[in-house]
Structure formats: C-alpha cells, structure tokens
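Everything below concerns the one structure shown next.
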Amino acid sequence: MKKTIYIFSDGELHRKDNTLCFEKEKEKRYIPIEDTGEIMAFGEININKRLLEFLSQKEILLHYFNHYGYYMGTFYPREHLNSGFMILKQAEHYMDQTLRLKIAIEYIRGGGKNIRQVLKYYQGRGRYVGDKLEAIEKLLLDIDQQQDIPSLMAVEGNIRSWYYKGFDDIICDTNFVFEERSRRPPKNFLNTLISFGNSIMYSICLSEIYKTHLDPRIGYLHATNFRRFSLNLDVSEIFKPILIDRTIFSLLARKMITAKDFDRDANGVLLKEKGKKCFIHALEEKLKTTINHRDLGRPVSYRRLIRLELYKLEKHLMGEKTYTPFIARW
Amino acid sequence: MEYVMVPVTGTLIWYYYICQREVWLIGHQITPDQSDSNISLGRYIHENSYDRERKELVIGHSKMDVFRVSNGELVVGEVKKSSKYSQSARMQLAFYLMELQDRGIKARGELRFPQEKKLEEVVLDENILEELGRASQAITQILSLQRPPEPKKINFCKNCAYAEFCWA
C-alpha cells in the first residue's frame, strides 16, 4: 500500500522531474511519487502551483496542520471518482430525517461499542473501570430510542464523559491527568495528545473517502453545510477509540512519551517534534496491523478497514445492505 | 430515483460475461478500487504496449485500443492482460466490429495478449451478432434495476478490484 509522508521540518516541497523533492537548508530528500498516498505537512513548507498540479494529477491529498498540530485543511485535488448516482443517494439520505438518523445512530453505536471494548480490555488488566462500563452499557441501550440528532449527540456526550472518567484509571500517571476535555488550545498533556491523534484520524478518513465515490461534505451525524468536510468526522467516531486512544495508552504505559515531550506556551500545550514523530510511528504501526476478515476471506489492515467501512456505507445508501459499524472484538 | 440510461458499450459487454453485478456498478459509475494491483498492471500494459501503432480509435461510445489499415482493410485490436477471460474479450471486440459495421465500415478484429505474445482473430458472423443482441438487451435490463444484482462468490472474486466493495 502507498505510504503516508509526514513532513515536520521547514523547507520547500517541489516537483523535481517526475518525482517529489523536499529541500531543507542543506539537505535534499527525494520522495517517490508513485509510492505516496498522501502528505501530512506539519512543518512550514513552501509550495508552488507546479507541485499542486503534480499532486492533482497523481491524486495525492496534502493535509496541513498548524503549529499546535491541529488539522487546518487539505489541498483536495478535483474529484476523480464521480458517480452522480452515489451523490444523489448520499443527499437523499441526508435530507430525509429518518434516513439520516438511522445512519447517525450507527455511528454513535459503533463509537460507543468500541469505547466499551477498550474499557473492557483494561478491566481485564485489573484497572478499575467497572462503574464506567456499567454506565456506558446502559447508555448504549438508549441510543435506539433517540428521535433526533441533538438528543443522539447528548447520549454520545454522556458515553464520552464516562469514558474519559476512565482515562485516569487506565493511565495512572499524575503527569497525564484528564481533568476535562479541552480543545483549541488543549490545556494539558493528555488533551494535547488526544487532539493531535484525532486530527490525524480525520485526515486519514478524508483520504480514504477520496478513494471512494462518497462526497466528504455530506455527513450524517455531523451537520453538513456543504463547505466543510463532515463525513470524515462521522467515520472517525468508530475508529478513534480503537486506534487513537489505544495508541495513546500504550505510548504512555511504555513511557515512550513523557512530560518532557511537551512545551507550554501562552496559547496552551504543544507536543514537541520528537513526541509527534513517536506518536505517528506508533499509529502507523497500528494502521498496518492486519486482522482476518471473515466475509472477504483475506487479512485486511486497520487502514483498509476504514475503506471497507465506507464501502459498507455506499451499499447502505444504494439500498443493498443495511450499514452496521465495525466493532473490535478484543 | 430517476436515472439517465447509459448506452451499452464494449466495456459493459466485457463485464457482462464475467459478472453481472459489475455491469450494474460500472454503469452507475461506481468504479472499482483504482489502486488494485491488477488494475494498475492492466493500465500499464495498455499504456506501454504497441508503441509503434496508432492508438485509440473512438467511434460513438467505443474506444478501440489499437488500429491499423492493412491491404485496404481496417484492423482493430483489443489489448488484454491475459487470455483467461477470452470469451469476454471476444465479445467485446465483436461489439466494436458490429459498431463499425453499423457505420458501413468493414473491419477485422485482433485480440492481443502482449504478455503471452499471443494473438487471436475475431470475425463477425451471424451467431455472434445474435449473441451480441441478446447481451445488449440483458445489459440494458441489468442497468435498469434499482439495485445491483446481489454479490455471488465466483472464481473471479479472488482477483477482482470490487471484492472489498462486494464483501465488506
């Protein structure tokens, strides 16, 4: 599978003959274009139109993040997989409240069940999360009864707040207490990690959507305003607990990321470059991990599972097979 | 949902003899995974074979891979990765020949398998024309379905770029 290129340093990214070249002060690095799936730019990079044309031609997405590691946007080449049929189906399911709610419920259910799975794992390892699990089990039963998106979001909020209560029990490190979920800017180390991980998750999902016939601007849980991407936020709900949160827990447990990997400035807490690299390395390893897919009869990576999730949504929209989210079994 | 009918094309004929579900999907522009290795290989062979011949003859909705004129006769060629699905390939090429014939052009067809260094002749006859008519009707019928035909596990699924879509 094609690689994700992460750029942390400052420099210039340009087209060099028929490949990519990243030029730093004294150093030139060539990036094989045919092997590149997407580019994540964290450093200050200079680009020109020739590069953008090249990326468009090769259908490569360029995601960029700000100084704090927040997702800022994507250079999104023109859509190359157009299916009028699929877009109409997607819109049809958004505009009809009943149809929309049906899909939104599945996203919340998927996210919630994967959250439960993560907690169960740590319960098995002797962490005290039983009360959170119990509360979440009850909330999971409420999901189906919700009549509209706001009340569904409220249930989701409750699940999440119980889940976050379990973080301190799982991590057991006074440097990484949860306190409360703070964003833009995150106020403590743990929130910085969560935000950083989620940012990457959103862009990975967007890249996968780009390879399907779905329009990323039409989401079901997250409101569509036809300007911002929202379908990638929906899909991320399912994968955040099992990919991002698990990566955070394992990095902290192994002390691979410690308090020393952060900087504090006037605007909040920043993850230093070394920390970001460490995080991404661990996440990439996770994304490459394969599991056996029963119906497909072959092993698929976690990254591929995201794509399969989108195919399932396409089939739901086509009226072929009702969408059920991916639930981790371990 | 109202849907604009797509005309039958050579590509659809090719798919028809492999998997009917594919006909529906392609007809609705739901293309298979473009990064699939077989698709990449096919594209590569298409782009890098027969450099010295003229490429891509477009007539109506059809696009023929290579063509030449020999002894005052037009020869159109269809390039395929392997001869594994030769019935599909024959019918696809026959469809092109029929399109040419409808326009008053007499042509011969050659199926080419550059990797196998093989070549097969295709000539239109009554039987093939009749079969093409039947296939075209069946394709129009499939395309008009509200939903794609259910996936069936067939031998072709193993190497199909739709496999993940169908079995997800």
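The values are calculated or read from the model by the stated rules, or taken from the named source; none is laboratory data. Bear in mind that the values here come from a model prediction, so they are computed numbers and not experimental data. Positions of Cβ are backbone-derived with ideal geometry, glycine not excepted, and every protein chain shown enters the neighbour counts.
In the stretch A:295-326, the residue that is surrounded by the most Cβ atoms within 10 Å (Cβ to Cβ) out of those that are facing another protein chain (nearest Cβ under 7 Å) and in contact with a Pro (Cβ under 9 Å, 6 or more places away or on another chain) is A:K312. Evaluating B:D65 against the criteria (1) out of contact with any Asp or Glu (no Cβ under 9 Å at 6 or more places or on another chain); (2) surrounded by 18 or more Cβ atoms within 10 Å (Cβ to Cβ) leaves one unmet condition, (1).
Conditions tested, residue by residue: (1) of a type in the set (D, E); (2) within 12 Å of chain A (Cβ to nearest Cβ); (3) touching a residue at least 40 places away in the same chain (Cβ under 8 Å).
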{"site": "B:K117", "(1), (2), (3)": "no, no, no"}
{"site": "B:L129", "(1), (2), (3)": "no, no, no"}
{"site": "B:S136", "(1), (2), (3)": "no, no, yes"}
{"site": "B:L145", "(1), (2), (3)": "no, yes, yes"}
{"site": "B:P148", "(1), (2), (3)": "no, yes, yes"}
{"site": "B:K152", "(1), (2), (3)": "no, no, yes"}
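Among all positions in the stretch A:16-28, there is no residue which is surrounded by 16 or more Cβ atoms within 10 Å (Cβ to Cβ) and either of a type in the set (S, T, N, Q) or touching a residue at least 60 places away in the same chain (Cβ under 8 Å) (or both). Among the criteria (1) over 24 Å from A:I204 (Cα atoms); (2) part of a strand (DSSP E or B), the one A:G319 does not fulfil is (2). Applying the set (1) away from every other protein chain (no Cβ under 13 Å); (2) surrounded by fewer than 17 Cβ atoms within 10 Å (Cβ to Cβ); (3) in contact with a helix residue (DSSP H, G or I) (Cβ under 8 Å, 6 or more places away or on another chain) to B:Y15 leaves exactly one unmet item: (2).
Starting from residues that are touching a Ser or Thr at 6+ places or on another chain (Cβ under 8 Å) and aromatic (F, W, Y), keep the ones in the stretch A:186-235 and report whichever is farthest from A:L252 (Cα to Cα). Among those residues, the one meeting the criterion is A:F229. A:L55 meets the conditions (1) of a type outside the set (V, I, T); (2) outside any helix (DSSP H, G or I); (3) surrounded by 12 or more Cβ atoms within 10 Å (Cβ to Cβ) in every case but one. The failed one is (2).
Of the residues that sit in the stretch B:107-154 and are polar (S, T, N, Q) and modelled with pLDDT of 85 or more, which one is surrounded by the most Cβ atoms within 10 Å (Cβ to Cβ)?
B:S136
The residue list A:I108, A:I87 contains one member that is away from chain B (no Cβ under 14 Å) and of a type in the set (A, V, I, L, M, F, W, C), which is A:I108. For the stretch A:64-180, the helices (runs of 4 or more DSSP H) that sit wholly inside it and include 2 or more residues that are small (G, A, S), in contact (Cβ under 8 Å) with a residue 12 or more places away in the chain and crowded, with 19+ Cβ neighbours inside 10 Å are A:97-124.
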